[in-house]
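This report concerns only the one structure given below.
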Amino acid sequence: MSVNGHPSASPDPPARSSLLEPAPGERWRLLRSRIWTGVCVACAGIVLLPLFSILLYVITRGVSGLSTSFFTHLPVPVGEPGGGMGNAVVGSVIIIGLASAIGLPIGILAGVYLSEVGRRGRLANAIRFMADVLSGLPSITIGVFVYALMVVTMHRFSALAGGVALSIVMIPTITRTTEELLRLVPGHLREASLALGVPAWRTTVFVVLRTAAPGIATGVMLAVARISGETAPLLFTAFNNRFWSFAIDRPMASMPVQILTYATSPYKEWQDQAWTGAMVLVVLILFLNLAARVIAARSMGAAR
Amino acid sequence: MDRVEQAPIEDADSTSVVPPPAAKGTVPSPPGPEGLGSPEGPGSRRGDLVFSSVTRAAGLFLLVLPAAMIFQLVRASHLSLSEFGLGFLSSTSWDPVRLRFGAWPFIFGTVVSSVLALVIAVPISLGVAIFLAEMCPHRMRKPLGFLVELLAAIPSVVYGFWGIFVLVPLLREKVQPFLGEHLGFLPLFKGPPLGFGMLAAGIILAIMIVPTVTSISREVLLAIPNTHREAAIGLGATSWDTIRHAVLPVARSGIVGAIVLGLGRALGETMAVTMVIGNRPEASISLFEPAYTMASVIANEFTEADSDIYLAALSEIALLLFGVALVLNLLARWLVRATKSRVEQRA
C-alpha cells in the first residue's frame with residue numbers, strides 16, 4: 001500500500017525502482033494468488049479429461065459397428081453375425097414422441113402460467129420452487145411411481161408408461177426454460193398488442209409465445225436430449241422387447257435399455273453393438289445440445 | 001381434471017392476477033381488457049379466463065405431482081412398512097427367499113458412495129466454478145461452460161459402460177494396487193483390487209455431479225455484485241484475496257446449496273453406479289469392496305421381485321430415496337435462492 005509513495009508509510013524512502021517492487025509480505029500474497037489461480041486452471045483441465053476420454057472411447061469403439069443394418073435389423077442371438085438394434089431405435093423415437101406429446105403441452109402451459117399469469121404470486125412462487133425441486137429428483141423413483149400408477153393397473157409393461165415416466169422427467173425443465181424465455185420478451189410487445197384491443201390470451205399466444213418460439217424450441221431440444229439417454233425410468237415401465245413393436249400398450253425396446261443389456265453382457269459381439277449404440281446416442285445428444293446453442297445464439301442476436 | 005374444479009374458484013381472483021397490482025419486474029402492468037372496454041365483448045374475457053385456468057391447471061400439476069408420487073409410493077410399500085416397521089432401516093439381511101428384508105446395506109452404500117463423490121467432486125467443481133466466474137478470459141467462458149455442461153448431457157448408461165471398460169480396469173491394474181501398497185494400513189484401502197466396487201462408484205458419481213455443483217456455484221458467484229470485488233481490489237487485495245475474502249464468504253450458503261444439490265444427484269443416480277459398484281449387499285468400510293446402493297437394488301431387482309412383500313420392500317426403498325432426495329432438494333433450492341435474493345437486494 002505504501003507503493004504509491006506516501007511519505008509517512010516508508011520512513012526511509014528507498015530508490016524509486018524498489019518502490020515499485022512489492023514488499024516481502026506482498027510477494028508471498030502475489031505468489032499465493034498465482035498458486036490458487038493455477039489450482040483453479042488445473043481443476044478446469046482435470047474436469048475435461050473424463051469428457052474427452054468418454055467421447056474418444058465411444059467414438060473409436062463404436063464407429064466400426066456402424067452400418068445401415070444397425071438401424072434396420074433386429075438383434076440376433078449370440079454367435080450369429082450381423083443384426084442391429086433397429087427396434088430399439090424405433091422404440092426410443094416412439095417413447096420420446098409420447099413423452100413429448102404429454103410433457104410439452106403441460107410444461108409449456110405451466111411456464112406460461114409462471115411468466116404471464118401467476119407472475120410473482122404466492123402460487124406461482126410455489127410452483128416455480130417445486131419445478132426446480134422436481135428436476136433434481138431421482139429418475140428411478142419416477143419409474144417406480146409410474147409402475148405403481150400404470151403398469152400395475154394395466155397389468156403389463158407398456159411404451160405408454162415409459163412415455164409418461166419420461167414426460168415427468170422433462171416437464172420441470174420445460175416449464176422453467178419456457179418461463180425464463182417468456183420473461184425475455186420485451187413488455188412493450190405485450191402493451192402494443194393489448195392496446196390494440198387484443199385479448200390477453202391471444203396476446204400471450206400470438207405475440208409473446210411466438211416471439212419466444214425459437215428459444216422454446218431450444219429448450220425442447222435440450223429436454224429431448226436429456227430424456228433420450230434416460231434408462232432408469234424405462235426399466236420397469238417400457239421394459240424391453242426383442243422384436244419389432246409399434247403398439248404403445250405393449251413393452252417396447254429403447255436405445256438406453258438395449259445398450260444396458262448389451263453392455264453388461266459377457267459377449268464381445270453384444271458389447272460391440274452396445275458401443276455403436278452408445279455412439280449413436282452420444283452423437284445425437286451432442287448434436288441436439290450444439291444445435292440448441294446455435295439457435296439460441298442466433299435468436300438472441302435477432303432480438304437485439 | 002384440475003381445471004374443471006379450478007375454473008369457478010379462480011373466477012374472482014384472475015381479474016386481479018392478469019394485470020398484477022405490484023409487478024416488480026421490468027414489465028409494466030398492462031391495462032386490463034375490461035378497463036378499456038374490450039372491443040370483442042364478453043367473449044374475449046371468457047377466453048382469458050379459460051386460458052388462465054388452463055395454464056394454472058398445468059402449473060398446479062407440478063405442485064400435485066410430488067404429493068401423488070409420495071402417495072403412490074407409500075401405497076406400494078405399505079405391506080413392507082407394516083411388516084418390518086422401523087427395523088427395515090437397520091436390518092442387514094436381504095433375503096428374498098426367506099422374505100426378510102432390511103435396507104441397511106443399501107442405505108450404507110448410497111451414503112458412502114455419495115459422500116465419496118462429494119469429497120472428490122466438490123473441490124474440483126469449486127475450482128472450475130471460480131475459474132469460470134472470476135478468472136476465465138471472456139472468450140473462453142462460453143465454450144468451457146458448454147464443455148462442462150456436456151458432462152451432464154452424457155447419458156448415465158454411457159458413463160457406466162465407460163466405467164466398466166476404462167475406469168474399472170484402470171483402478172484394478174494401476175490405482176488400487178498402488179493405494180493398497182502405500183496406504184494399505186488404512187481400513188479404507190484393504191482387500192483385493194477388484195476394480196468393481198465402492199471406489200469406482202464414487203469416482204463415476206463424482207464425474208457426474210461436477211456439472212451440477214459447478215454450474216450452480218458459478219451462478220451464485222456471478223450474482224455477487226462487482227462492488228464487492230472492486231472494494232477489495234481498491235484496498236490492494238490480490239485477485240485470490242479478493243475471491244477468498246470478498247466473494248466466497250458472500251456466496252457461501254449458495255455454494256452449500258450447490259453441494260447439497262450435487263449430493264441429491266449422487267444419491268439418486270442409478271445406471272452408472274449399478275454397472276460399476278459390484279452389487280453385493282454388504283456394508284464394508286473398505287472402498288475396494290463391492291457394495292450396493294438403494295437406486296441400484298431397485299433397478300436390478302424390481303422386475304424380478306416375485307412376491308408382494310419383495311416388491312413392497314423395493315418400493316419402500318424407493319420411497320426412502322424419494323423422501324431423502326426431496327428434502328435435500330428443498331433445502332438446496334432454498335439455500336441457493338436465499339443467497340441470490342440477499343445478494344441482489346444488497347446490490
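Values in this text are rule-based calculations from the coordinates and carry no lab data. Predicted model only: the values in this text are computed from it and were never measured. Because the Cβ atoms are built from the backbone with ideal geometry, glycine has one as well, and the counts that use them run over all protein chains shown.
Order of A:TRP28, B:TRP162 from fewest to most other C-beta atoms within 10 Å? Intermediate values should be presented prior to the final figure.
Working: A:TRP28 11, B:TRP162 28.
Exposure proxy ranking, most exposed first: A:TRP28, B:TRP162.
Any idea what angle helix A:268-303 forms with the longest principal axis of chain A, computed on alpha-carbon atoms, 0 to 90 degrees, nearest 10?
Roughly 50 degrees, rounded to the nearest 10.
Binning at 20 angstrom from zero up to the longest distance, how are the C-alpha pair distances of chain A distributed in percent?
25, 42, 22, 10, 1
How crowded by other chains is A:107-114, given as the mean number of beta carbons from other chains within 10 Å of each beta carbon? Please list the in-between numbers first.
On the way: counts 3, 2, 8, 9, 3, 7, 12, 4.
If you average over the peptide's residues, the count of other-chain Cβ atoms is 6.
Taking a ≥ b ≥ c as the square roots of the eigenvalues of the Cα gyration tensor of the protein assembly as shown, is the shape rounded (a/c under 1.5), prolate (a/b larger than b/c) or oblate?
Numbers: a/c = 1.69, a/b = 1.04, b/c = 1.62.
Here the protein assembly as shown falls in the oblate category.
Give me the inter-chain shielding for A:254-261: mean count of other chain Cβ atoms within 10 Å, whole number please. Display every interim value, and only then the final one.
Working: counts 0, 2, 5, 2, 1, 6, 10, 1.
For peptide A:254-261, the averaged partner shielding equals 3.
Expressed in nm to one decimal, what extension gain is obtained for the pair A:THR72 and A:VAL93 from 0.36 nm per residue of sequence separation less their Cα-Cα distance? Please report the intermediate quantities before stating the final value.
Details: separation 21, 0.36 × 21 = 7.56 nm, distance 1.38 nm.
Roughly 6.2 nm would be gained on extension.
Could you grab the relative contact order for chain B? Cα pairs under 8 Å, six or more apart, rounded to a whole percent. If you can, show how the numbers build up before the last one.
Working: 461 pairs, mean separation 81.9, N = 347.
Here the relative contact order equals 24 percent.
In degrees, nearest 10, range 0 to 90: what is the angle between the Cα axis of helix A:86-112 and the longest Cα principal axis of chain A?
Computed tilt is about 60 degrees.
For the stretch A:196-304, what relative contact order do you get, as a whole percent, if you take Cα pairs closer than 8 Å and at least 6 residues apart?
Numbers: 77 pairs, mean separation 34.3, N = 109.
Relative contact order here is 31 percent.
Counting only the backbone N, which residues of the stretch B:217-233 are under 16 Å from the spot 7 Å out from the Cα of A:GLU180 toward its beta-carbon?
In the stretch B:217-233, the label zone of A:GLU180 (backbone N under 16 Å from the point 7 Å along Cα→Cβ) covers B:217-224.
Hey, rough spin-label estimate for B:ARG280 and B:HIS245, points 7 angstrom out along Cα→Cβ, what's it come to in nanometres?
5.2
Using Cβ counts within 10 Å as a stand-in for footprinting exposure, how do B:CYS136, A:CYS40 rank, fewest first?
Working: B:CYS136 20, A:CYS40 23.
Ordered by Cβ neighbours within 10 Å, fewest first: B:CYS136, A:CYS40.
Per-residue counts of other Cβ atoms within 10 Å, averaged by peptide: what ranking do you get for B:203-212, B:253-262, highest first?
Working: B:203-212: 25.6, B:253-262: 24.1.
Final packing ranking: B:203-212, B:253-262.
Positive end of the charge dipole of the protein assembly as shown (Lys, Arg +1 and Asp, Glu -1 on Cβ, about the Cα centre): tell me which of A:ALA263, A:VAL58, A:PRO75 has its Cα farthest that way.
Of the options given, the answer is A:VAL58.
Out of residues 5 or more away from B:ARG100 or on other chains, whose amide H comes under 5 Å of its own, with H placed 1.01 Å from N in the peptide plane?
Here the answer is B:ASP95, since their amide H atoms fall under 5 Å of that of B:ARG100.
Under a Cβ-only charge scheme (Lys and Arg +1, Asp and Glu -1), can you give me the dipole magnitude of chain A about the Cα centre, in debye to the nearest 20?
Numbers: 23 positive and 13 negative charges, 133 e Å.
Its charge dipole is roughly 640 debye.
With +1 on the Cβ of every Lys and Arg and -1 on the Cβ of every Asp and Glu, and nothing else charged, how large is the dipole of the stretch A:208-304 about its Cα centre, in debye rounded to the nearest 20?
Working: 8 positive and 4 negative charges, 93 e Å.
Around 440 debye, computed over the stretch A:208-304.
Ratio to report: Rg/Rh of chain B, with Cα atoms as the point set and Rh obtained by the Kirkwood method; give two decimals.
Details: Rg = 25.6 Å, Rh = 23.8 Å.
My calculation puts Rg/Rh at 1.08.
Taking R0 as 30 Å, what FRET efficiency do you get between B:MET140 and B:TRP334 from their Cβ-Cβ distance, rounded to the nearest 0.05? Could you put the intermediate results ahead of the total?
Details: r = 33 Å, r/R0 = 1.09.
Taking R0 as 30 Å, the efficiency between B:MET140 and B:TRP334 is 0.40.
Expected output is a single nm value to one decimal: the length gained when fully extending between B:VAL175 and B:GLU149, i.e. 0.36 nm times separation in residues minus the C-alpha distance. What is it? Walk me through the numbers before you get to the answer.
Details: separation 26, 0.36 × 26 = 9.36 nm, distance 2.76 nm.
Stretched fully, the B:VAL175-B:GLU149 segment lengthens by 6.6 nm.
222 nm [θ] for chain B, helices only, -39500 (n - 2.57) per DSSP H run of 4+, per residue, to 500? All intermediate terms of the calculation are to be shown ahead of the outcome.
Values: 13 runs with 230 residues, N = 347.
Theoretical 222 nm ellipticity from helices: -22500 deg cm²/dmol.
Starting from the Cα of A:ARG250, step 7 Å along the direction of its Cβ; do the same at B:ALA67; then give the gap between the two resulting points in nm.
It is 3.9 nm.
Quick one: angle between helix B:2-17 and the longest Cα principal axis of chain B, in degrees between 0 and 90, rounded to 10, please.
50
Among B:VAL250, B:LEU63, B:ILE164, pick out the residue whose Cα is farthest towards the positive end of the charge dipole of chain B, where Lys and Arg carry +1 and Asp and Glu carry -1 on C-beta, about the Cα centre.
About the Cα centre, the residue reaching furthest to the positive side is B:VAL250.
Only counting other Cβ atoms within 10 Å, I'd like B:PHE108, B:PHE165 sorted with the fewest neighbours first.
Details: B:PHE108 21, B:PHE165 16.
Final ranking by Cβ density, sparse to dense: B:PHE165, B:PHE108.
Placing +1 at every Lys and Arg Cβ and -1 at every Asp and Glu Cβ, with all other atoms neutral, what dipole size does the protein assembly as shown have around its Cα centre, in debye to the nearest 20?
On the way: 48 positive and 39 negative charges, 327 e Å.
It comes to approximately 1580 debye.
Averaged over peptide A:119-129, how many Cβ atoms belonging to another chain are found within 10 Å of each residue's Cβ? Present the calculation step by step, with values, prior to reporting the outcome.
Details: counts 9, 5, 4, 0, 7, 3, 1, 4, 7, 4, 7.
The per-residue average across the peptide is 5.
Enumerate the calculated ³J(HN,Hα) couplings along the stretch B:108-115 in order (Karplus 6.51 cos²θ - 1.76 cosθ + 1.60, θ = phi - 60°), each rounded to whole Hz, writing x wherever the residue is Gly or Pro.
Working through the residues one at a time gives 4, x, 5, 5, 5, 5, 5, 5 Hz.
Residue farthest toward the positive end of the dipole of the protein assembly as shown, with Cβ of Lys/Arg at +1 and Asp/Glu at -1: which of B:PHE131, B:SER307, A:PRO251?
Final value for the positive-end residue is B:PHE131.
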